Structures are given as C-alpha cells and as structure tokens.
Amino acid sequence: MTRRFGRRATLKRSFGLLSDFRHEQTAPDLFYGALARDSVELIGDLYGGLTESDLTGTTVLDVGGGPGYFADVFQQAGARYVPVEPDPSEMHAAGLAVGGAVRGSGLALPFRTSSVDICFSSNVAEHVSEPWAMADEMVRVTKPGGLIVLSYTLWWGPFGGHETGPWHALGGEYAARRYLRKNGREPKNRYGVSLFKVGAADGLRWARRAPDADFLAAFPRYHPRWAWWMVRIPGLREFLVSNLVLVMRKH
C-alpha cells in the first residue's frame with residue numbers, strides 16, 4: 001500500500017525537505033508550509049492505497065496539530081480537517097483561525113470511539129511522556145477499516161534533540177543545560193518535560209502488538225524510496241532512519 005507514496009519519495013524531495021527544515025524556528029511558515037504539503041501527499045497516497053479513494057469527504061484528525069498549519073492543504077484536498085492540541089499557546093502561535101480546532105490531550109482524545117476516517121500525528125510522539133498511550137487513543141477514535149499514521153522523530157537520529165542537537169547524543173539533560181548556557185534561555189523542547197527518548201524499536205513493538213489494528217508498513221519519512229531498507233536493520237535504524245512512519249488499519 002506504500003507504492004504510491006514510494007514513487008513520490010525521491011532524492012529531490014528529500015533534499016527539498018531538509019533544506020526547509022532549517023527554518024523550523026526562524027521561519028515557521030516556510031517550514032510548516034513545506035511539511036503540510038508533504039503531509040497531505042503522504043496521507044492521500046496511503047489512504048488511496050488502502051481504499052482506492054481520495055481524501056474527498058473524509059474526516060482527518062491531526063493529533064498535536066498545533067496552530068493548524070496543515071488545515072488549508074487538507075481542506076483543499078476535500079477533507080474535513082480537525083486539529084487537536086493540548087497547549088493553548090501553541091494553538092494560537094501562528095495567529096491562525098481553524099474552524100473546528102479542539103483543545104485536548106492526545107492521551108485522552110475528546111472524540112467518540114470509531115468517529116474519524118483517518119487519524120494522523122506528525123512529529124508529536126517524541127513530545128509526549130506516554131507516546132504509545134497516545135497511539136492507542138489514535139486507534140480507538142478511528143473507524144473500522146480506517147487509516148492511522150503515526151510519524152515521529154527518533155531520539156538517536158540527527159534531529160532527535162531538536163534545537164539541542166547534536167549534543168543530545170551525550171545526554172538529554174546535558175544538551176538542555178548546554179543550550180541554556182550558550183543562548184541564555186531554555187530550549188523550547190525541554191528534555192524530560194516536552195521532549196523524550198523515543199526509538200524505532202519502541203514504535204515497531206507497539207505496532208506489531210496493537211490489539212485493535214493491523215500493522216501495514218513502516219518506513220523513513222524523509223528518505224528516498226531506495227533507502228527504506230534501513231528500517232529492517234535493528235540498531236542501525238535508530239541512528240539513520242531519523243523519522244519513522246507507522247501505518248496501521250483499524251480492525
């Protein structure tokens with residue numbers, strides 16, 4: 001079912017995304033605009049591979065949707081886009097107004113069981129103290145036969161420490177203290193508070209054991225298709241995959 005997106009996963013795409021990622025905190029509109037376009041292509045391709053349908057008429061729940069940077073692209077694709085975000089300051093960080101945005105925790109999603117067609121989370125699990133409880137909630141709210149896509153940054157990868165990297169490799173607390181000394185302020189993503197160690201093995205273990213969903217695929221989100229083999233190699237994947245995508249289907 002990853003064939004459609006695999007054709008899109010080229011080296012040119014990888015270089016383009018990595019170039020835009022440099023602007024995450026200095027020019028968030030640029031960074032999140034590129035990520036939004038890539039996200040709707042990712043979800044559209046995976047949903048199409050699962051159902052042979054496009055996103056028209058679907059309800060897409062974005063867990064940890066922040067201020068709603070993804071809203072326009074999903075709505076243009078014909079989906080009803082619903083972001084849920086626990087932090088009110090994040091919801092209003094970009095001055096956007098997204099109709100239907102919901103304040104709530106990914107650990108207890110304020111939605112009925114089996115109520116959305118697609119549940120998606122991008123770069124959020126590493127910011128949650130109980131990421132697999134959040135993943136279970138994503139499965140719960142998805143309709144039978146629906147799609148769950150969980151994409152997250154791996155701790156031991158080059159971006160695992162976010163703005164404190166690459167020093168996070170020497171310890172998350174050390175990297176946070178070093179950032180504070182150098183910059184005179186705490187990092188936005190504070191280790192042990194809003195940033196946690198999450199690995200590829202953790203996610204794959206959850207996906208294979210999830211009681212209410214089928215594990216369909218796992219691949220590196222930002223790598224070209226010819227590099228997806230890295231996910232199959234224990235140890236190596238923790239350092240080289242960078243961002244892991246888990247694709248599930250609700251029973």
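The values are calculated or read from the model by the stated rules, or taken from the named source; none is laboratory data. Keep in mind the model is a prediction, meaning the values are calculated, not measured. Glycine gets a Cβ as well: all are built from the backbone with ideal geometry, and neighbour counts include every protein chain shown. When the accessible area is computed, the model is the full protein with side chains, heavy atoms only, and any ligands, DNA or RNA have been set aside. Shrake-Rupley method; radii C 1.70, N 1.55, O 1.52, S 1.80 Å.
Key figures for this structure:
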quantity	calculated
Count - residues of the range 207-245 that are open to solvent by less than 60 Å² (accessible area, probe 1.4 Å), in a helix (DSSP H, G or I) and within 20 Å of N123 (Cα to Cα)	6
Enumeration of residues in the range 161-191 that are among the basic types (K, R) and touching a residue at least 40 places away in the same chain (Cβ under 8 Å)	K188
Selection within the range 130-156 - open to solvent by 30 Å² or more (accessible area, probe 1.4 Å) and farther than 19 Å from P110 by Cβ	W132, P144, G145, W156
Unmet criterion (only one of (1) in a strand (DSSP E or B); (2) at pLDDT 95 or above; (3) closer than 22 Å to R37 by Cβ) for G146	(3)
Residue within the range 170-192 that is open to solvent by 30 Å² or more (accessible area, probe 1.4 Å), outside any strand (DSSP E or B), over 30 Å from D117 (Cβ atoms) and in contact with a strand residue (DSSP E or B) (Cβ under 8 Å, 6 or more places away or on another chain) present	yes
